[in-house]
Amino acid sequence: MTINDSADALALDGGIITIRPTRPADQRALAGLYEDATPDSLRMRFFTRPGSAALATEVGRLCRPESAAHLAVLAVEGERLVGVAAAERTDDTGHRAELSLFVAERDRGRGIGTLLLEHLAARAHRYGIAELVGEVLPDNIAMLRTARDLGGHSWSRFDDGIIDVGLDTLDPDAQDAVDLRDRTAERASLRALLSPASVAVVGAGHRPGGVGHETLRGLREYGYHGTVYAVNHSGRPVAGTTAHRSVRQLPPPIDLLVIAVPADQVAGVLADGAAVGVRAAVVLSAGFGEAGERGRQRQYELVRFARDHGIRLVGPNCLGLINTDPAVRLDASFAPSAPPPAGGLAVAAQSGAVGIALLDDALRAGHGISTFVSLGNKADVSVNDLIAYWYDDPATRAVALYVESFGNPRKFARTVRALARRKPVLALKSGRSDAGQRAGASHTAAAAAPTATVDALFAQAGVVRPENLGELLDEARMLTDQPLPTGRRLAIVGNAGGLGVLAADAAEAAGLTVPPGGAGNPLDLGAGVSPADLAAAAAEVAASDGTDMLLLIVIATRTNRAAEIIAALASVVDEHPGLATAVVLVGAEAGPRLGARGARLRPAGAGGHRAGRRRRVRRVAPPAARRPGRSARGGHRSGP
C-alpha cells in the first residue's frame with residue numbers, strides 16, 4: 001500500500017505502521033526517540049552511552065538526503081515515531097552497506113524492527129546493494145531475534161566478542177518469510193473486524209427500511225454475542241438497542257463501527273470513533289471513489305486517517321460482512337435474507353449484488369458459509385488481506401471470490417498461490433468484454449486487468465476460474481460438500497436415458513472418462529424404476545474399483561415420487577463418504593437434502609449441476625531449499 005513513497009505495513013499485533021524515508025523535519029522526533037531510551041538501550045545501539053553531541057551527530061546523519069551511499073527509513077504509528085533503520089555504503093562501488101537499527105522501547109516485540117529492515121533492504125536493492133551487515137552485542141537479544149526472524153536470507157557469526165549479522169537483499173526466497181509475517185499480522189488486524197467484542201451502528205434510525213436500521217436489526221436477530229449500540233440524532237433506543245447521539249458518548253473501547261450516514265459525514269464519524277478506541281469500521285455509505293474526483297479525494301482522506309489511527313476499513317460502498325462462527329454470530333450487513341448456516345465456504349465479493357446472490361444460493365441450497373465480506377470500493381481491506389486471514393482460519397475449507405479489479409496483482413498472485421496449496425480457491429473475475437470492463441470501472445472506480453493477464457495469473461496461482469455466476473455457485477457447493485475425486489473415471493446412473501447420454505458427452509468433453517460398465521455406463525434403469533432398485537444399482541456402481549466419481553440423474557414423473565428416490569439414494573451416498581457424488585434432479589419443485597453431507601438438491605433448470613469445460617488446477621512445487629547465508633565481518637553497530 002504505497003502513498004507518496006511511503007508504505008503502510010502491519011505490525012504483529014495488527015497495528016498499522018507507516019514506513020517512509022527520513023526527512024530533515026524529522027530531526028526533533030528522532031532526537032526524542034533517543035532521549036526517551038534507557039541507558040541500556042543506548043548501550044546496545046552504540047556500544048557505549050553516547051553524549052548529547054554524539055546523539056546530535058547521529059540524528060544529523062539519519063536525516064541526510066537519500067543517495068546511493070546513504071539510506072534511512074522511519075517507522076511511524078499515527079503521529080508517533082517508533083523506529084528507524086539506516087544503511088551506509090562502505091564505498092561508492094561496493095555491494096555491501098553497514099546497517100543500524102533502533103526501535104522505541106515500548107514497541108519492541110511487535111515486529112517493527114523486522115519491517116524496517118525488510119523495507120531498508122528493498123530500497124538498498126534498488127541501488128545495487130547486495131548485503132547489509134552490522135555488529136551486535138551478544139546480550140542484545142532483541143536485535144538477534146530480529147535477525148533470526150528475517151529467515152533464510154540473513155546470517156550471523158560470533159567473532160571477538162561481537163556477533164556479526166548480515167541480510168542478503170537479493171535472496172529470492174526472502175518473500176516467503178515476509179508473507180508468513182504478513183499472514184500473522186493480517187489475522188491480528190482483522191480480528192476486530194470479523195470477531196468484534198462490541199459493535200456500534202452509526203446512522204441506525206427508527207424507520208424500517210433504512211440501511212442503518214436494517215443492519216442493526218440484522219445484528220440483533222442473528223444473535224450477535226457481543227455488545228451492540230445504536231447511534232442516531234435523537235439518542236432514542238432502536239429495536240430494543242441502547243442508543244447514543246454521538247460516537248464519542250459510547251463507552252470505550254468499541255471494536256467495530258458500522259457506518260451508514262451520508263458520505264460527507266463519514267469522516268467525522270470515523271474521527272469520533274478514533275477517540276473512543278475503534279479498531280475497525282465498515283462503511284456502507286456510497287459517494288466515494290465511485291462518485292467522481294471529489295469522491296476519490298474523500299476516499300483517499302478517509303483511508304489515510306484510518307491508517308494513521310490504526311483502524312482497518314471495509315468499503316466504502318459495500319453491503320457489509322457476516323461471520324457465522326457460533327461463538328460470534330455477526331451479521332453486520334443489510335442483505336435481504338437471514339445469514340446461511342455455518343459452514344466451510346469463505347466469500348469475498350466486490351459487488352453487493354453478487355454477494356447477495358451468493359448468500360441467497362447458500363441459504364437455499366443449504367451449504368454453509370464461514371465468513372462473507374462485501375468489499376465495495378476496497379479502499380483498505382482487500383482480497384489480499386482476506387486471503388491471508390483465511391489461510392489459517394480453521395472454519396474455512398474453500399474460498400470463493402468475485403473481483404472486478406486488483407489493487408496489487410503481484411501480491412495477489414503470491415498470497416492466493418499459497419492459499420490454493422491448502423484450500424480450493426474459486427475466483428470469478430468480471431470484465432471479460434470491453435463493455436464489462438467499462439461497467440466495472442464505473443461501478444467500483446477501479447481499472448480492470450486485461451483478460452489474458454487475469455487468465456495467466458489464475459492459472460499460475462492454481463485458482464479455479466468459473467465461467468459465470470452459476471458455475472461459481474455450483475462449484476462452491478461441490479468443493480465444500482464433497483470429497484475431492486480420486487481420479488477421472490465417472491460413472492453415470494439414473495432413470496433418464498437421454499440425459500445420461502448428454503452427461504457422458506459433456507464429461508468426456510471436459511477431460512473426464514466414462515469407462516464401460518458391466519451393465520452399461522451410462523446405466524439407464526428407465527423412468528419406472530423403483531427407489532429401491534435404483535439405489536441398489538447405484539450402490540453396486542459406487543462400490544466398483546472403476547468409479548472415481550458418481551453422477552446420479554433422477555427425473556420426476558407423475559408415476560414416481562422424486563423425494564422417495566432421493567431418500568433411497570441418500571443411504572448410498574452416506575455409505576461411500578469418500579466418493580465424490582453429484583445429483584441432477586429434473587422435474588421436481590422441491591430440493592430435499594441428500595444424506596449426511598447435507599447438500600440440498602436443486603432442480604436442474606434452476607442451476608443444478610453443470611458439466612463445464614476442463615479446468616486444470618496447477619499445484620505449485622514447494623519453494624527450493626534456502627541457501628545458507630554468507631559469512632562476513634564488520635558493519636555498523638545495531639541496536640534493538
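The values are calculated or read from the model by the stated rules, or taken from the named source; none is laboratory data. Here the structure is a predicted model, which means the values were calculated and not measured. Cβ placement follows ideal geometry from the backbone for every residue including glycine, while neighbour counts extend to all protein chains displayed. Protein only, heavy atoms only, side chains kept; ligands, DNA and RNA dropped before computing areas. Shrake-Rupley method; radii C 1.70, N 1.55, O 1.52, S 1.80 Å.
Data table
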item: Other-chain or far-sequence residues with amide H under 5 Å of His70's (modelled H); result: Arg89
item: Under 11 Å, Cβ to Cβ, from Thr241 - net charge with Lys/Arg +1 and Asp/Glu -1; result: +3
item: Pairwise centroid distance, computed over Cα atoms, of segment 317-337 with segment 251-283, Å; result: 18 Å
item: Helix 174-194 axis, angle to the chain major axis (alpha carbon atoms, nearest 10°); result: 70 degrees
item: Which of Phe158, Phe46 is most accessible, then next, and so on - probe 1.4 Å; result: Phe158, Phe46
item: Spatial extent of the chain: Rg and Dmax, with the Cα atoms as the point set, Å; result: 28.9, 98
item: Furthest towards positive pole of dipole, Gly289, Gly226, Leu250, structure part segment 226-347, Cβ charges; result: Leu250
item: Computed over segment 7-139, the ratio Rg/Rh where both radii use C-alpha atoms and Rh is Kirkwood; result: 0.94
item: For peptides 530-537, 328-335, sequence by mean Cβ density within 10 Å, most packed first; result: 328-335, 530-537
item: Degrees, to the nearest 10: 434-444 long Cα axis against longest axis of the chain; result: 60 degrees
item: Between helix 211-222 and the chain: long-axis angle, C-alpha atoms, 0 to 90°, nearest 10; result: 70 degrees
item: For segment 449-517 and segment 21-52, distance of Cα centres in Å; result: 62 Å
item: Mean separation of Cα contacts under 8 Å (6+ apart) over length of the chain, as relative contact order %; result: 12 percent
item: Dipole of the chain [Lys/Arg +1, Asp/Glu -1 at C-beta], most positive-end residue of Ala121, Asn408, Ser571; result: Asn408
item: Ellipticity estimate at 222 nm from DSSP helix runs (n ≥ 4, -39,500 (n - 2.57)) divided over the chain, nearest 500; result: -11000 deg cm²/dmol
item: Whole-percent carbon and sulfur share, accessible surface of the chain, 1.4 Å; result: 54 percent
item: Cut-off under 5 Å, modelled amide H: who pairs with Ala130 long-range; result: Arg96
